[in-house]
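**Q** Sharing a structure below in C-alpha cells format, with a few things to ask.
Derivation of every value follows stated rules applied to the coordinates shown; laboratory data play no part. Just so you know, these numbers come straight off a predicted model, no measurement behind them. Glycine gets a Cβ as well: all are built from the backbone with ideal geometry, and neighbour counts include every protein chain shown.
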Amino acid sequence: MEGFELLILAAIFLVAVLYSSVGHGGGSGYLAVMAFFAVAPNVTKPTALALNIFVAGIATIQFYRRGHFSWKVFLPFAIASIPFAFIGGTIDLPIAYYKVLLGVVLLFAALRLAWKFRKNSETEEKISEYPLWMALAIGAIIGTTSGLIGVGGGIFLTPILFLTNWTETRKAAGISAMFVLVNSAAALLGNYQNAVNLQSKVLVWIIVAVIGGIIGSTLGSKYFNSIVLRRALAMVLLVAGVKLLLI
C-alpha cells in the first residue's frame with residue numbers, strides 16, 4: 001500500500017506541474033490517476049475538484065501577475081459556466097454512465113496534451129472578436145460537463161480559445177486557469193455532501209499538488225516547453241480512458 005501511495009503522490013505531482021504550466025488545474029490527470037487505482041466516483045470527483053482549486057488558484061495568480069489575462073474574454077464564459085458547474089456538481093451519475101463519460105473526457109484530454117498548439121507572432125496579432133451568445137453557450141456546456149465529471153473545463157476552453165484565435169497564447173492559459181478555479185469551486189460546492197467526507201490522506205495529495213502547481217505555473221508563465229513529458233502524460237490518460245470504456 002505504501003508503494004501505491006508513493007506512486008500516486010508522484011503522479012499527482014507530475015500532473016500538477018504539467019497542467020499548471022498551461023493554465024489547467026489537472027482535473028483530468030488526477031481522475032486518470034485515481035481511475036488506475038479503482039477509486040470510487042464519489043471520492044474521485046470531489047478530490048479532483050479540490051486539487052483543481054488549489055493548483056488552478058496558484059496558476060491564476062502567476063499568470064495574472066504577469067499580465068497574461070483578459071477579463072473581457074473570461075467573463076462571458078465564466079458567467080454561463082459557474083451556475084451549470086454547480087448544477088452538474090449536485091448530480092451523481094450512475095457508475096456505468098460516469099465511467100463512460102469520464103473515459104471519453106480522458107481520451108479528449110490525451111489528445112489535447114499530445115497536440116501542441118503553435119502560434120507565430122503574426123498569428124498572435126490577428127485576434128478575433130467572439131460572438132457573445134457563442135461564449136455563453138460554450139461556457140454553459142463546459143460548466144455542465146465539468147460539474148458532472150469533476151474537471152475544471154480548461155481542457156475544453158483552452159483549445160477553443162486557440163483554434164478560434166479569440167486571445168493570445170499566454171492569455172489563454174491565464175484565462176483557463178481562472179476558469180478552472182471558479183468552475184471547480186462551483187462544482188465542489190454542488191458536490192458538498194461527498195466533499196465533506198473526503199479521506200484525510202487527500203490533504204497530503206493537496207500539498208503535493210500545490211508544490212507541483214507552483215513549479216509548473218512559474219515555469220509556464222515564463223518559458224516552459226514540456227512537449228515530451230506532455231505526450232508521456234497523454235499516453236497515461238489514453239490508457240486510463242480506454243480502461244474505463246472497456247472494463
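**Q** Return the FRET efficiency for the residue pair Thr164, Leu219: r is the Cβ-Cβ distance, R0 is 35 Å, and the value is rounded to the nearest 0.05.
**A** Working: r = 26 Å, r/R0 = 0.75.
Result of the calculation: an efficiency of 0.85.
**Q** Related question: Taking a virtual spin label 7 Å from the Cα of Leu111 along the C-beta vector, which residues in the range 139-160 bring their backbone nitrogen under 13 Å of it?
**A** Answer for the range 139-160: 156, 159-160.
**Q** If the chain between Val204 and Thr90 were fully stretched, how many nm would it gain, using 0.36 nm times the residue separation less the Cα-Cα distance?
**A** Length gained between Val204 and Thr90: 38.5 nm.
**Q** Then there's this: Please work out how much length the chain gains when fully extended from Val100 to Val196, using 0.36 nm per residue of separation minus the C-alpha to C-alpha distance, in nm with one decimal. Write down the numbers at each step before the final one.
**A** Values: separation 96, 0.36 × 96 = 34.56 nm, distance 2.58 nm.
Gain on stretching Val100 to Val196: 32.0 nm.
**Q** Write down the radius of gyration of the range 45-113 and its Dmax, each obtained from C-alpha positions, in Å.
**A** My reading of the Cα-based Rg and Dmax gives 14.9, 43 Å.
**Q** On full extension of the chain, what length is gained from Met134 through Lys243, given 0.36 nm per residue of separation minus the C-alpha to C-alpha distance? The partial results should precede the final answer.
**A** Values: separation 109, 0.36 × 109 = 39.24 nm, distance 3.39 nm.
Length gained between Met134 and Lys243: 35.8 nm.
**Q** How much net charge surrounds Leu148 when only the other residues with a Cβ under 10 Å from the Cβ of Leu148 are counted, with Lys and Arg +1 and Asp and Glu -1?
**A** Working: positive: Lys45; negative: Asp92.
Its environment carries a net charge of 0.
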